[in-house]
Amino acid sequence: MEGRSEGWFETKEMDIRSMPSSRHASLPYRVGVPPKQNFWTEFSSTVKETFFSDDPLHSFKDQSRSRKFVLGVQAVFPILEWGKRYNLKKFKGDLIAGLTIASLCIPQDIGYSKLANLSPQYGLYSSFVPPMVYALMGSSRDIAIGPVAVVSLLLGTLLQNEIDPIKHPLEYRRLAFTATFFAGITQATLGILRLGFLIDFLSHAAVVGFMGGAAITIALQQLKGFLGIKNFTKKTDIISVMQSIFSSAYHGWNWPTIVIAAAFLVFLLVAKYIGKKKKKLFWVPAIAPLVSVVLSTFFVYITHAEKKGVQIVKHIEKGINPASVSEIYFTGDYLLKGVRIGLVAGIIALTEAVAIGRTFAGMKDYQIDGNKEMVALGAMNIAGSMTSCYVATGINQIISTISLSLDILEAYMIGSCVPSFAGSFSRSAVNYMAGCQTAISNIVMSVVVFLTLQFFTPLFKYTPNAILSSIIISAVIGLIDYNAAVLIWKIDKFDFIACMGAFFGVVFASVEIGLLIAVSISFAKLLLQVTRPRTAILGKIPRTNVYRNIQQYPEASKVPGVVIVRVDSAIYFSNSNYIKERILRWLTAEEEQLTAAGLPKIQFLIIEMSPVTDIDTSGIHALEELLRTLQKRDVELVLANPGPVVMDKVHASKLASLIGEEKIFLTVADAIQTCSPKFAEEV
């Protein structure tokens, strides 16, 4: 048996050795030219792939007119589609989830409204109407809706730059509603026009840095309530805040306030730790904020701590949202300011909502349409602006109530490369773990908020501001994602610069400056990658016909008299000149090495074009100029494996005839077989 095996291997080895010579006897396979498409077909195909890549009208094909109408209504209101399958078992899960997230959202909403420089009831209003609208129009089963910390801070900062909320509270509130209206218009427009891909231009690294900086800024702002300081700076940069804190140290700090805040902050952090360690106790950190509010309010009431300088909420308007359509600025000087602020707030809110919605959808194995989500989010904010709400979004809170306590969620986020808006998804994570089945959980939450507004707001009169500060501080801690920052440093140093730029911009300047830096660095990286694409010198991997980057594979051998360059990008007007010059620099460097070693000069330049997905007019001109330069240096230009789009344009421009049809090959190996047959035979 052993002898037969050895004989078999010897036979196979002889067959393998004979393969190159038999292959060289045949002509290389010609590169195909795609059939010519008419302009309208090509244009419509491009538009469809750009804006309708998910084929949203697929379900409408071959349907009757009445059925198409029903499908159209269900597309706008998904609840009509899944509502037919709703049952008591699902309602049980939604009821528990809705009650759980309501216990979390009520104290948070009161705190977040202060970040936006609005009265406490406006935070509660924003968890009543928007979730109801989203339940009708949204396609995610798991995200919870309401105000979030970062958007509240961003909105408050941008608004107070225009109007003083203390001197002109009515005008400030009107501008807040105006910004909310145009945030909704922005979101809905992006969805209707199917421009959702635009929000992806804010890179993951920039988001991590921005959110981390925002967390520190939010926490620093809460030191006013935590320490009981009455006169506090309106600036958000860390230097101004620390100066304000230390200048008040001897006469402005209130020690009873500090004791209350510190005690309950410890309680909240312990509750969060318990939820993180024991998954079945996820509800502990979820109800901890409400328990803190109840206990601290009772403590202040029986001790009359407000007489000792402990600041309290005092009054929250009773009743449901009043109409605010008449308060929106549709004319005047504040209209454009509202549009600008709404545009920024709307996009930030979208970025977090869509990303986390997709994460939960992936975990439960169902699909959501990002563009439909944008329309739903936009509609709820438009409705909210008309009912005294400010900007609401999904994932309420983006913050860490259970700190992605659930290892499975954390692993999924990292594996999916989803932007980390916090260490956890806060309310949405609680919603998920509480057994949420559908968006009905948002309706349950809205009903609880409605009951609170209608009957229970007087009970919050003695709630200390310190407890609200503690709740927010404990929540935003999860926004500082150390692990993500370390991973970014290991993977991409330029990404790390973007992350730190956004972080320090928020911390040392302002939220809007940090956001501007985040967007600017994201675009700078994109432009750098487009205008300075990578190129590589290829060599032949031993014992194969494969040609790869010699830096990645040092054992790869160069072909005598031939330079093989791979271009790792489409060739456009923005990079065509650079690519041409970079290829010539590769050629010059190789020639200098050969001259120094006394070896024969370069005769062929092969451009491996597999990664070149497209080429425009400037790219064609750049190749023509490269061809003329090479002809002056007695070097022949050869192309290997151009794709269908590139091949079509090369033929349309007559560049193929200038280079020579016989010098365009299917693979680099085929090109070497023709350009350097002796080398091909030897290897």
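The values are calculated or read from the model by the stated rules, or taken from the named source; none is laboratory data. Just so it is clear, the structure is predicted and the values come from calculations on it, not from any experiment. We place every Cβ from the backbone using ideal geometry, glycine too, and count neighbours over all the protein chains shown. Surface accessibility is based on the protein's heavy atoms, side chains included, excluding ligands, DNA and RNA. Shrake-Rupley method; radii C 1.70, N 1.55, O 1.52, S 1.80 Å.
Below, the figures for the structure above:
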item: Helices (runs of 4 or more DSSP H) contained entirely in segment 611-683, each with at least 1 residues that are within 19 Å of residue 575 (Cβ to Cβ) and in contact (Cβ under 8 Å) with a residue 24 or more places away in the chain; result: 617-632, 644-652, 655-659
item: Test: residue in segment 514-531 that is open to solvent by 20 Å² or more (accessible area, probe 1.4 Å) and among the aromatic types (Phe, Trp, Tyr); result: yes
item: Criterion: exposed (fewer than 14 other Cβ atoms within 10 Å of the Cβ), without any contact (Cβ under 8 Å) to a residue 24 or more places away in the chain and in a helix (DSSP H, G or I) - qualifying residue of 284, 266; result: 266
item: Count of segment 72-105 residues which are surrounded by 16 or more Cβ atoms within 10 Å (Cβ to Cβ) and either within 18 Å of residue 56 (Cα to Cα) or aromatic (Phe, Trp, Tyr) (or both); result: 6
item: Residue check, residue 118 open to solvent by 10 Å² or more (accessible area, probe 1.4 Å), closer than 30 Å to residue 507 by Cβ and over 19 Å from the mean Cα position of the chain (by Cα); result: yes
item: Within segment 125-183, tally of residues that are over 28 Å from residue 233 (Cβ atoms), part of a loop (DSSP other than H, G, I, E, B) and over 22 Å from the mean Cα position of the chain (by Cα); result: 2
item: Where residue 571 falls short, out of the listed (1) in contact with a strand residue (DSSP E or B) (Cβ under 9 Å, 6 or more places away or on another chain); (2) under 30 Å from residue 198 (Cβ atoms); (3) open to solvent by 10 Å² or more (accessible area, probe 1.4 Å); result: (3)
item: Output for segment 636-654, where each listed residue is at pLDDT below 95, farther than 16 Å from residue 613 by Cα and of a type outside the set (D, E, K, R); result: 652, 653
item: Lone qualifier among 605, 599, 639, 658 - being surrounded by fewer than 17 Cβ atoms within 10 Å (Cβ to Cβ) and closer than 27 Å to residue 544 by Cβ; result: 599
item: Qualifying positions in segment 537-554 - open to solvent by 80 Å² or more (accessible area, probe 1.4 Å) and either of a type in the set (Val, Ile, Thr) or under 34 Å from the mean Cα position of the chain (by Cα) (or both); result: 548, 551, 552
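The rows are residues; the columns are (1) over 39 Å from the mean Cα position of the chain (by Cα); (2) surrounded by fewer than 20 Cβ atoms within 10 Å (Cβ to Cβ); (3) closer than 28 Å to residue 183 by Cβ.
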| residue | (1), (2), (3) |
| --- | --- |
| 289 | no, no, yes |
| 294 | no, yes, no |
| 299 | yes, yes, no |
| 305 | yes, no, no |
| 309 | yes, yes, no |
| 319 | no, yes, yes |
| 322 | no, yes, yes |
| 332 | no, yes, yes |
